[in-house]
Amino acid sequence: MQYITPDLCDAYPDLIQVVEPMFSNFGGKDSFGGEIVTVKCFEDNSLVKEQVDQPGEGKVLVVDGGGSLRRALLGDLLAEKAARNGWEGIIVYGCIRDVDVIAQTELGVQALASHPLKTDKRGIGDLNVAVTFGGVTFRPGEFVYADNNGIIQSPKPLQMPA
């Protein structure tokens, strides 16, 4: 489905929260949205790898990487696996890599920046905990929508206005 965040903001001004503008769109899908699944990790994408192996229809993986600009929490192989497993998108409060391949992948991906260095795999992180960045708290089971205009969060699913 195509989401237009300005239209959602206009239709649901009392329901949504808008993430501070710091993200760039890297994925093959410019617009995406769905139910939030969270991962909190710092320079270790072990839990990201585990989650993209799971079915993700109607879901968006929100990764709180602590804003680190030193390691990439998502690369082409994990993005392709997420797309194959039906994930709508991935939002990374941190870096990704393999951006040219990810741009061709049928997956929404927003992140702070790109960085060529992968993470260490230490199995450290938290799954499905509330995470806060960009002035917004993301809770598992709530909803997030993203496009080239920005990212918005809602406690309830939103419908595009007619």
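The values are calculated or read from the model by the stated rules, or taken from the named source; none is laboratory data. No experiment lies behind these values; they were computed from the predicted model shown. Here the Cβ positions follow ideal geometry from the backbone for every residue, glycine too, while neighbour counts run over all protein chains shown. Side chains included, ligands, DNA and RNA excluded: accessible areas come from the protein's heavy atoms. Shrake-Rupley method; radii C 1.70, N 1.55, O 1.52, S 1.80 Å.
With K and R counted +1 and D and E -1, the other residues having a Cβ less than 9 Å from that of Phe133 yield a net charge of -2.
Highest mean packing comes first when the peptides 146-158, 7-19 are listed by Cβ atoms within 10 Å, giving 146-158, 7-19.
Looking at the chain, send over the antiparallel percent of its DSSP beta bridges, to the nearest 5. Antiparallel: roughly 50 percent of the beta bridges in the chain.
Full extension of the segment from Glu35 to Gln159, taken as 0.36 nm per residue of separation minus the current Cα-Cα distance, would add 43.3 nm. Here the chain is assigned +1 on the Cβ of each Lys and Arg and -1 on the Cβ of each Asp and Glu. Its dipole about the Cα centre then comes out at about 460 debye.
When Tyr93, Tyr145 are compared by accessible area at a 1.4 angstrom probe, the order from most to least is Tyr93, Tyr145.
Neighbours of Pro161 by Cβ distance under 12 Å: Lys/Arg scored +1, Asp/Glu scored -1, total -2. On full extension, the segment bounded by Thr137 and Glu57 gains 26.6 nm, given 0.36 nm per residue less the C-alpha separation.
Charged neighbours of Asp98, selected by a Cβ distance under 11 Å, balance to -1 (K, R count +1; D, E count -1). Lysine pair count for the chain with Cα-Cα distance under 17 Å and sequence separation of 8 or more or different chains is 13. Between Phe138, Ser68, Asn148, the Cα set farthest toward the positive side of the dipole of the chain (charges on each charged residue's Cβ, about the Cα centre) is that of Ser68.
Here Kirkwood radius over Cα pairs in Å was calculated from the structure, and among (i) 17.5; (ii) 15.2; (iii) 18.8 it sits at label (ii). Could you tell me which of rounded, prolate or oblate describes the stretch 17-74, using a ≥ b ≥ c as the square roots of the eigenvalues of the alpha-carbon gyration tensor, with rounded for a/c under 1.5 and, failing that, prolate when a/b is larger than b/c and oblate otherwise? Oblate, since a/c reaches 1.5 and b/c is not below a/b.
Comparing Ala82, Gly125, Met22 along the charge dipole axis of the chain, the residue lying farthest to the positive side is Gly125, per the Cβ-charge model. Legend: residues Glu50, Glu142, Glu57, sorted from most to least accessible area (1.4 Å probe; ligands, DNA and RNA excluded), read Glu57, Glu50, Glu142. Per residue, the accessible area of the chain comes to 46 Å², computed with a 1.4 Å probe over protein heavy atoms only.
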